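Here's the structure, in structure tokens; my notes come after.
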Amino acid sequence: MAAPVRFLAEAANEKSSFLALHADSIGQPCALGVARWSWMVLMREKAGNTVVTAPDGRTRSQNGSGRAQVILDEVNVELLRALLADPRLPIAELARRVEMSGPAVADRLQRLEAAGVIAGYRLDVSPAALGRPLGAYVRIRPGPGQVGAIVELAERTPQVVECHRVTGEENVLMKVQAADTDELTEVVDLFFALGQIITSIVQRSPVPPRSVPLPDTY
């Protein structure tokens, strides 16, 4: 990942721009230049679990575990909605929008992270700008006992940007980003000894990756 980031920064500098990323405090990611931050939001439902919500968003589990949890109350949903629309919003602006103090908002974001609602941060860059414009989905029907080997090989192959276990006979699904069809063929050939392969090249993406929908109210 380090090399692509350097490449992107150099490309931006050639256009008299620059890329600056920092997160000095929770909820204050900043991105300048040709890339942007994406907040990855994971919605979690826990069956058989009753949660009591305090006015400040703090929650307590009533399922006997005693483990503190974070619930998606109206304020937290509004914070997530604002950050998904503009991840560069500072704490002060978030606090103004939800009519709370800055420390209270920072505390809420910290608890959303700790609970796994905000699952992480990633830099969303253009594969084409990094020299790998060709995307393809590769479905593999593993040979006997080869699932683990396929997953391990996928982890070691940098052109594989996603790998999933799915239902069906081709129960391993990967997404590959390659420079051209020659590189795609080289990547696919790595997996031929491990199973039967079906490859589909992406022509366009009418709906690019996006967050799951947030509830209007909780």
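The values are calculated or read from the model by the stated rules, or taken from the named source; none is laboratory data. All values derive from a computational prediction rather than experimental measurement. Positions of Cβ are backbone-derived with ideal geometry, glycine not excepted, and every protein chain shown enters the neighbour counts.
Within the stretch 154-192, the residues that satisfy the criterion of being surrounded by 18 or more Cβ atoms within 10 Å (Cβ to Cβ) and not β-branched (Val, Ile, Thr) are ALA154, GLN159, CYS163, MET174, GLN177, ALA178, LEU184, PHE191.
Here is a check on your reading of the model: is ARG111 in contact (Cβ under 8 Å) with a residue 12 or more places away in the chain and either in contact with a helix residue (DSSP H, G or I) (Cβ under 6 Å, 6 or more places away or on another chain) or closer than 24 Å to ARG204 by Cβ (or both)? Answer is no for this residue. Checking each residue in the stretch 153-171 for being more than 19 Å from THR185 (Cβ to Cβ) and hydrophobic (A, V, I, L, M, F, W, C) picks out only VAL166.
Scanning the stretch 193-218 for residues that are assigned to a strand (DSSP E or B) and surrounded by fewer than 15 Cβ atoms within 10 Å (Cβ to Cβ) yields GLN196, ILE198, SER200, ILE201.
For ASP124, the criteria (1) surrounded by 16 or more Cβ atoms within 10 Å (Cβ to Cβ); (2) under 20 Å from PRO208 (Cβ atoms); (3) touching a Ser or Thr at 6+ places or on another chain (Cβ under 7 Å) hold in every case but one, which is (1). The set of residues in the stretch 142-188 that are hydroxyl-bearing (Ser, Thr, Tyr), touching a residue at least 24 places away in the same chain (Cβ under 8 Å) and not in a helix (DSSP H, G or I) contains only THR157.
Given the structure, is ARG96 exposed (fewer than 15 other Cβ atoms within 10 Å of the Cβ), without any contact (Cβ under 8 Å) to a residue 12 or more places away in the chain and among the basic types (Lys, Arg)? Spelling it out, ARG96 is indeed exposed (fewer than 15 other Cβ atoms within 10 Å of the Cβ), without any contact (Cβ under 8 Å) to a residue 12 or more places away in the chain and among the basic types (Lys, Arg).
Annotation: of all residues in the stretch 88-120 being part of a loop (DSSP other than H, G, I, E, B) and small (Gly, Ala, Ser), the one that is nearest to VAL212 (Cα to Cα) is GLY116. With respect to GLU78, is the statement that it is touching a residue at least 24 places away in the same chain (Cβ under 8 Å), within 22 Å of the chain's Cα centre (by Cα) and part of a helix (DSSP H, G or I) true? When the stated conditions are applied, GLU78 does not pass them. When we screen ARG139, ARG132 for residues that are surrounded by 11 or more Cβ atoms within 10 Å (Cβ to Cβ), assigned to a loop (DSSP other than H, G, I, E, B), modelled with pLDDT of 95 or more and within 23 Å of the chain's Cα centre (by Cα), the only hit is ARG132.
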